[in-house]
Amino acid sequence: MFNYTSISDECIKCGKCIPVCTIHQINPDETTSPRGFIDLLGAHERGELDIDRNAKQIFESCFLCTNCVDVCPKDLPTDMVIEEARKEIADKYGIAWFKRLFFFLLRHRKIMDIASKLGYVFKSCAVRTDEKRGGLIPRFNLPIIKKDRLLPSMASTSVLNSYPENIDHGGKRRVAIFIGCLANYNYTDIGHGLVKILKRLEIDIFFAKEQKCCAAPAYFTGDFKTVEVLSKQNIEYFESFIDRVDAIIVPEATCSAMIKHDWAVFFRNRGEEEWAMRAQRLSEKIFMATEWLANHTELSSLLEKSGVVGDLLVTYHDPCHARKVQNIYKEPRELIGRNYRMKEMSDPNRCCGFGGVTIQTEKFHLAEAAGKPKAAMIDETKADIVAAECSACRMQIGNSLYQAESKAIFKNPIELIADALEKSGK
């Protein structure tokens, strides 16, 4: 477990974290800054501060973007101490009913499948479809969700239910796919695109049908019981096939960071070293999709031979859990750049403002405020498409662009690569 006081004492108050802090950028108060969070937790551990509802509001305002960790000269784990604080908050005040319902669905995929089907059937009752952006817009205020906000689309059939468990593409190599919840139920072209790419590369696929949610939504909310259940179920399942695949590839930054990094950290902080080691062993074969495709296949040269696809201009946004947690930012740019014109935005590393379940529901005004500068810098590039290998970023940036009436639309790099290969094949 973390010693809040020792971490607070280690902070040298240099202020390097302040300019890059997502919440401080939109709420410039020392309290809502990385060193402010750390000081408050130190005071709490010393018995000088109670975690009351005011403190609850403060700690739930952090976006967990890890910008502060990225620049801290002392490498202080600010994001992790806030996650621990949120666990304490959840234990004391409970978790809102709609979050508990959401996490229940994430723990029970078959029920989630049914709920998704029902949502697809009845979606026209409460929302209208935005064909250009592939999203849904509520016609009136819904519980926790206000009208005129762009939401993820809903598929009639999930990705996992669209394919057999094993797909033979020639047998050169075999990979497993961990698809992620948003890509499985909402942004399904990501999964379909990944299948097309692996087919062109003649790589066999194992669709890990028994996979559960990576547990990131629960982790960032403080529901550690759900994290324990989901991560242990996934670890046991992954161990059953890990020796029969070259890699488990994940087209989602948050999911891959959670599996590759946070599972082991979570168990180590709980004193469960055996589970931490099991997670650590699995992490050697966990890859973000573009990372593995760029470094372990001939995809880059195959795309280069395909030539430029039309006149589309693409700009790339760096998801926090890709660049800062996994140091992945070159690979998606390299692959996209083989077939599309690219232009960097002024600050691709700035957090989009997604922030997790609480920010997207109870504190959505913070997400809106953080999203406006990101939409503006995307518009400045005059790009047709903004890409990022993260469906959480897609959900947040897609709405920010919609509210700004931008022409730019969002695509996962896997979709862009699959489109390029399809057009070159024709």
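The values are calculated or read from the model by the stated rules, or taken from the named source; none is laboratory data. These numbers come from a predicted model, not from an experiment. Neighbour counts are summed over all protein chains in view; Cβ atoms, including those assigned to glycine, are modelled from backbone coordinates with ideal geometry.
Scan segment 279-289 and give yes if some residue there is over 24 Å from the mean Cα position of the chain (by Cα) and crowded, with 21+ Cβ neighbours inside 10 Å, otherwise no. Within segment 279-289, not a single residue is over 24 Å from the mean Cα position of the chain (by Cα) and crowded, with 21+ Cβ neighbours inside 10 Å. Taking segment 303-347 as the range and being under 20 Å from Asp384 (Cα atoms) and among the β-branched types (Val, Ile, Thr) as the test, the residues that pass are Val308, Val309, Val314, Thr315, Ile336. Select, from Ile38, Ile95, the only residue that is over 23 Å from Cys393 (Cα atoms), among the hydrophobic types (A, V, I, L, M, F, W, C), in a loop (DSSP other than H, G, I, E, B) and within 25 Å of the chain's Cα centre (by Cα). Exactly one residue qualifies, and that residue is Ile95. Name the residue that is farthest from the chain's Cα centre (by Cα), counting only residues in segment 375-399 that are touching a residue at least 40 places away in the same chain (Cβ under 8 Å), under 11 Å from His317 (Cβ atoms) and part of a helix (DSSP H, G or I). Among those that are touching a residue at least 40 places away in the same chain (Cβ under 8 Å), under 11 Å from His317 (Cβ atoms) and part of a helix (DSSP H, G or I), it is Ile378.
Of all residues in segment 400-410, those that are more than 25 Å from Trp292 (Cβ to Cβ), not in a helix (DSSP H, G or I) and not β-branched (Val, Ile, Thr) total 5. Scan segment 25-35 for residues that are over 18 Å from Pro348 (Cα atoms) and not in a loop (DSSP other than H, G, I, E, B) and jot them down. Across segment 25-35, the qualifying residues are Glu30, Thr31, Thr32, Pro34, Arg35.
Step by step: first the residues of segment 160-194, then only those that are farther than 15 Å from Ile249 by Cα and under 19 Å from the mean Cα position of the chain (by Cα), then the one that is surrounded by the most Cβ atoms within 10 Å (Cβ to Cβ). Which residue is that? So, considering only residues that are farther than 15 Å from Ile249 by Cα and under 19 Å from the mean Cα position of the chain (by Cα), the one surrounded by the most Cβ atoms within 10 Å (Cβ to Cβ) is Tyr187.
Of the set (1) modelled with pLDDT under 90; (2) in a loop (DSSP other than H, G, I, E, B); (3) under 29 Å from Trp263 (Cα atoms), all apply to Ser162 but (1).
For segment 320-374, enumerate the residues that are of a type in the set (Asp, Glu), out of contact with any strand residue (DSSP E or B) (no Cβ under 9 Å at 6 or more places or on another chain) and outside any loop (DSSP other than H, G, I, E, B).
Scanning segment 320-374 gives Glu334, Glu368.
Across segment 11-40, what is the total count of residues that are more than 17 Å from Leu64 (Cβ to Cβ), surrounded by 14 or more Cβ atoms within 10 Å (Cβ to Cβ) and touching a residue at least 60 places away in the same chain (Cβ under 8 Å)? Result for segment 11-40: 1. Among the residues making up segment 176-204, a single one is part of a loop (DSSP other than H, G, I, E, B) and either of a type in the set (Asp, Glu) or in contact with a Lys or Arg (Cβ under 6 Å, 6 or more places away or on another chain) (or both): Glu202. Among the residues of segment 44-90, those identified as assigned to a loop (DSSP other than H, G, I, E, B), in contact (Cβ under 8 Å) with a residue 60 or more places away in the chain and within 14 Å of Cys11 (Cβ to Cβ) are Pro73, Lys74, Leu76, Pro77.
The single condition among (1) surrounded by fewer than 21 Cβ atoms within 10 Å (Cβ to Cβ); (2) more than 18 Å from the chain's Cα centre (by Cα); (3) not aromatic (Phe, Trp, Tyr) that Leu303 does not satisfy is (1).
You will find that of Ala376, Ala322, Ala408, Ala404, the residue that is surrounded by fewer than 17 Cβ atoms within 10 Å (Cβ to Cβ) and in contact with an Asp or Glu (Cβ under 7 Å, 6 or more places away or on another chain) is Ala404 and no other.
Among the residues of segment 9-42, those identified as closer than 12 Å to Ala85 by Cβ and of a type outside the set (Phe, Trp, Tyr) are Ile38, Leu40, Leu41, Gly42.
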